[in-house]
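Down below is the structure, laid out as structure tokens.
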Amino acid sequence: MKLFFRPIINHDFYMEIPESFDFMTDDIARIKYPSELRPHVIFTNEDASVDYKFSYVNQTLDEGLLDELIKQTKLNLRKIYTGIQFYDKDIFQVDGTKLGWFEFMSPAIDGSLYNIVFYTWINGQLLQGGFNCIYEDSVSWRPIVINSLRTIRKETVI
């Protein structure tokens with residue numbers, strides 16, 4: 001699978017994602033994510049079954065509280081989804097800023113979804129990002145997504 005750097009949210013930052021992914025249309029986004037709190041930017045594959053999602057969070061938070069933010073997000077998810085299963089998590093430096101992520105399996109209407117949620121700061125703003133695919137595809141997608149997280153840059157890479 002070929003990856004390349006794409007500008008994300010008004011060119012505020014760049015990240016490697018699959019070359020074949022494109023912006024999800026508003027019509028499909030409203031169907032797939034019916035809440036008005038849907039992600040601001042969604043990149044998806046051709047059949048809209050695999051997504052990278054990005055939104056700025058209107059919240060001031062110090063990088064030192066990243067682990068606490070992850071813990072709180074996991075507690076909130078546990079309240080929403082019965083049968084949720086959490087797996088690995090990590091915090092590392094990317095382009096001079098902390099990035100924290102965690103992964104989980106959530107129930108869906110016709111099976112289970114594999115999800116990664118991550119947080120980092122772009123130009124002082126807290127960014128929440130995510131990834132999801134059907135659980136059966138998680139073994140092949142997981143390393144691609146984890147490596148993508150390590151490519152986030154505030155400036156373009158040629």
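The values are calculated or read from the model by the stated rules, or taken from the named source; none is laboratory data. All values derive from a computational prediction rather than experimental measurement. A quick note on method: Cβ atoms are made from the backbone with ideal geometry, for glycine too, and the neighbour counts reach across all protein chains shown.
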Problem - Residue among Ile146, Ile134, Ile122, Ile109 that alone is without any contact (Cβ under 8 Å) to a residue 12 or more places away in the chain and not hydroxyl-bearing (Ser, Thr, Tyr) - result: Ile109
Practice task
Would you be able to say whether some residue in region 30-39 is under 18 Å from Ile116 (Cβ atoms), part of a helix (DSSP H, G or I) and in contact (Cβ under 8 Å) with a residue 24 or more places away in the chain?
Solution key: no
Practice task
Return a yes/no flag: does region 94-109 have any residue that is touching a Ser or Thr at 6+ places or on another chain (Cβ under 6 Å), modelled with pLDDT under 95 and of a type in the set (Val, Ile, Thr).
Solution key: yes
Problem - Unique residue being touching a Gly at 6+ places or on another chain (Cβ under 9 Å), under 26 Å from Asp90 (Cα atoms) and surrounded by 13 or more Cβ atoms within 10 Å (Cβ to Cβ) when the list is Leu61, Leu3, Leu66 - result: Leu66
Practice task
Among the residues of region 1-21, write down those that are within 15 Å of the chain's Cα centre (by Cα) and either under 27 Å from Glu136 (Cα atoms) or assigned to a loop (DSSP other than H, G, I, E, B) (or both).
Solution key: Arg6, Ile9, Met15, Glu16, Ile17, Pro18, Phe21
Practice task
Would you check if Phe86 is in contact with an Asp or Glu (Cβ under 9 Å, 6 or more places away or on another chain) and not acidic (Asp, Glu)?
Solution key: yes
